[in-house]
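First the structure, in the form of structure tokens, and then the observations on it.
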Amino acid sequence: MDAEEEPAGRRVDDLVLDAARDCVLAYGVRRTTVTDVARRAGVSRMTVYRRWPDVQSLVADLMSREWHQVIVDAAAAAASAAGPLRARLVAQSTAAAARLRAHPLLRKILEVDPEILLPYMLDRRGGGQEEMLAFLQQTIAAGQAEGSVRMGDPALLARAVLLTAQSFVLSAPTVTDGHPVADLDAELAVLLDRYLAPAPPSS
């Protein structure tokens, strides 16, 4: 079907992205083709090509969508965190790192197509990284106004937090050495909390 809306009300974009996710989970990124995605989505290849010029751009949008949902879910999980804004920021960042590390799409890409992630680690930020940076910067600034986060450029602090959390997502398997990954998440929470905490008043 080549319409913007499916009869059940689902957008074609969502159908195609869902199909792309299924294909990547089944075959990996390099072995996924537009034909595979179109067939799974029940649309024509031209419908896909009108929205995405190639599989790489389609997968980039898929990752942005999936990582956005991780951020939303982590926010819901951290909403009940007691204490100041800093506590909620730390809880959400830690929850997002844990969810990303366990995400089936990210695990599949790391397993069979890790080079797909290199541009987002070395050259440029993706949509999910931009969204997380915006959240961190806004929350850090609010925490500073509240007094629960130390002073400093919120943009710089946000980038340091993102880099730290990102390493716990992508590199944790290299350093677990039999330790439960949940223990590393607890250490991430300590790192972020102490990094963001205001300096104690001098005596």
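Restricting the range 52-74 to residues that are charged (D, E, K, R) and loosely packed, with under 15 Cβ neighbours inside 10 Å, which is nearest to the chain's Cα centre (by Cα)?
Asp73
Would a scan of the range 9-31 turn up a residue that is of a type in the set (D, E, K, R), within 17 Å of the chain's Cα centre (by Cα) and crowded, with 18+ Cβ neighbours inside 10 Å?
yes
Scan the range 123-142 for residues that are open to solvent by 30 Å² or more (accessible area, probe 1.4 Å), modelled with pLDDT under 90 and either touching a Leu at 6+ places or on another chain (Cβ under 6 Å) or of a type in the set (Gly, Ala, Ser) (or both) and jot them down.
Within the range 123-142, just Gly127 meets the criteria.
Of the residues that make up the range 111-128, is at least one under 27 Å from Pro198 (Cα atoms) and in a helix (DSSP H, G or I)?
The answer is no, given that none of the residues of the range 111-128 is under 27 Å from Pro198 (Cα atoms) and in a helix (DSSP H, G or I).
Among the residues of the range 157-179, how many are at pLDDT 85 or above and assigned to a loop (DSSP other than H, G, I, E, B)?
2
The values are calculated or read from the model by the stated rules, or taken from the named source; none is laboratory data. Because the structure is predicted, anything quoted here is derived from the model rather than measured. Here Cβ is always computed from backbone atoms with ideal geometry, including for glycine, and neighbour counts include all displayed protein chains. Surface areas here come from the heavy atoms of the whole protein model, side chains and all, with no ligands, DNA or RNA. Shrake-Rupley method; radii C 1.70, N 1.55, O 1.52, S 1.80 Å.
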